[in-house]
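The values are calculated or read from the model by the stated rules, or taken from the named source; none is laboratory data. These numbers come from a predicted model, not from an experiment. A quick note on method: Cβ atoms are made from the backbone with ideal geometry, for glycine too, and the neighbour counts reach across all protein chains shown. Each accessible area value is taken on the protein alone, full model and side chains, heavy atoms only, with ligands, DNA and RNA left out. Shrake-Rupley method; radii C 1.70, N 1.55, O 1.52, S 1.80 Å.
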Amino acid sequence: MTYKIEVITTPHIHDNPKEPYFWCIQSCVNGGNWCTCTAGWAVTLEEAWKQAHQFYNKYYKNKEINYD
């Protein structure tokens with residue numbers, strides 16, 4: 001399974017004023033379609049990357065997950 005981490009670099013203050021930076025982990029399924037596995041919000045851009053990376057390492061790294 002292929003995964004990617006996405007962090008939106010523009011703060012979304014209107015969506016989440018306290019934690020405006022959105023991150024998500026996506027997996028590639030069904031021949032190239034991307035599906036969001038999990039997502040979250042953070043106070044800073046750096047914290048968004050850190051949270052996403054920690055979540056990936058804890059739950060997805062070296063694990064095979066089948067969404068079919």
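Conditions: (1) over 11 Å from the mean Cα position of the chain (by Cα); (2) farther than 15 Å from Tyr56 by Cα; (3) open to solvent by less than 80 Å² (accessible area, probe 1.4 Å). Cys28 meets all but one. Number of the miss?
Going through the list (1) over 11 Å from the mean Cα position of the chain (by Cα); (2) farther than 15 Å from Tyr56 by Cα; (3) open to solvent by less than 80 Å² (accessible area, probe 1.4 Å), Cys28 breaks only (2).
For the stretch 51-68, enumerate the residues that are modelled with pLDDT of 90 or more, open to solvent by less than 70 Å² (accessible area, probe 1.4 Å) and either assigned to a strand (DSSP E or B) or more than 19 Å from Ile13 (Cβ to Cβ) (or both).
Correct list: Ala52, Phe55, Tyr56, Asn57.
So which residues in the stretch 32-50 are part of a strand (DSSP E or B) and either open to solvent by 60 Å² or more (accessible area, probe 1.4 Å) or not hydrophobic (A, V, I, L, M, F, W, C) (or both), if there are any at all?
Going through the stretch 32-50, the residues part of a strand (DSSP E or B) turn out to be 33-42.
Hits for the stretch 32-50 are Asn33, Trp34, Thr36, Thr38, Gly40, Trp41.
From (1) open to solvent by less than 60 Å² (accessible area, probe 1.4 Å); (2) part of a helix (DSSP H, G or I), pick out the condition that doesn't hold for Ile5.
Tallying (1) open to solvent by less than 60 Å² (accessible area, probe 1.4 Å); (2) part of a helix (DSSP H, G or I), Ile5 fails exactly one: (2).
Among residues belonging to the stretch 8-25 that are in a loop (DSSP other than H, G, I, E, B) and β-branched (Val, Ile, Thr), point out the one that is surrounded by the most Cβ atoms within 10 Å (Cβ to Cβ).
Within the stretch 8-25, the subset in a loop (DSSP other than H, G, I, E, B) is 8-20.
Filter once more, so that each one left must be β-branched (Val, Ile, Thr): 8-10, 13.
Values: Ile8: 15, Thr9: 10, Thr10: 9, Ile13: 9.
Taking the candidates together, the pick is Ile8.
Taking only the stretch 15-41 into account, find how many residues are at pLDDT below 95, on the phi < 0 side of the Ramachandran plot and out of contact with any strand residue (DSSP E or B) (no Cβ under 8 Å at 6 or more places or on another chain).
Residues that pass the stated criteria total 1.
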